[in-house]
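What follows is a set of notes on a single structure, which appears directly below.
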Amino acid sequence: MDHVLQPVQPSHFAVIAGWLDSPAATLRWAGPGVPFPLPADAFAAALALPARPGWALLDGEGTCLGFGQYWQTASGSTHLGRIIVSPQARGRGLGRILMTALCAEAVRHTDAVQLTLKVYRDNPTAVALYRDLGFVDIEDASTPELLFMACGTA
Ligand SMILES: CC(C)(COP(=O)(O)OP(=O)(O)OC[C@H]1O[C@@H](n2cnc3c(N)ncnc32)[C@H](O)[C@@H]1OP(=O)(O)O)[C@@H](O)C(=O)NCCC(=O)NCCS
């Protein structure tokens, strides 16, 4: 089935929010300041859309199965965040498709020379995926809990 990454639409907000099952999961995904549950009408403001563009991964029938955002940080550096795949759809390669497409959009729209992200060290699926896509550990910018990773775009 073909998947496509498109700008997130308000009709996706409740679907994405529904993938979060606890305050702890919400905090790990979004950082502090995002409520649980996350009401659809608070979604855009809580995630700083559209200043931090949000993208939805859709299947061939238009069902939203993944989400991620990016935003510019330092000059030439674009940060990826809030990356998530529907719990029912994990382990089937969609995380890889989502990340590959999100990186391409981030480069296209921000002219980034470097992409960065933060990931909890105890999230081996995500860490392995990001390493496989070319992200490397930046220990100087990391904490005991959170690994900071970067990937050049040249
Ligand atoms: C991280 C996440 C986006 C990955 O999505 P996914 O669709 O499950 O990932 P994929 O199926 O593309 O798998 C990516 C790699 O992880 C590995 N993997 C998948 N499921 C795994 C599991 N249960 N345990 C260990 N590794 C696993 C696979 O080896 C795969 O590599 P491969 O393509 O070489 O086989 C998804 O698990 C998720 O949404 N997690 C909750 C939110 C989150 O943690 N986001 C990351 C914030 S930084």
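Assorted remarks:
- The gain in end-to-end length when the THR73 to THR143 segment is fully stretched comes to 23.3 nm, 0.36 nm per residue minus the alpha carbon separation.
- Based on the Stokes-Einstein relation at 10 °C and a viscosity of 1.306 mPa s, and on the Kirkwood radius from alpha carbon pairs, the chain is assigned a translational diffusion coefficient of 101 µm²/s.
- Alpha-carbon centroids, segment 1-50 and segment 87-104: separation in whole Å: 16 Å
- Potential extension, ASP59-VAL107 segment - 0.36 nm per residue separation minus Cα distance: 15.0 nm
- Neighbourhood net charge (13 Å Cβ-Cβ; Lys/Arg +1, Asp/Glu -1) for GLN6: -3
- Averaged over residues, the count of other Cβ atoms within 10 Å places the peptides 75-86, 103-114 in the sequence 75-86, 103-114, highest first.
Taken together, the values in this text are just the output of simple stated rules run on the coordinates, not laboratory data. Predicted model only: the values in this text are computed from it and were never measured. In this analysis, Cβ positions are derived from the backbone assuming ideal geometry, glycine residues included, and neighbour counts consider all displayed protein chains.
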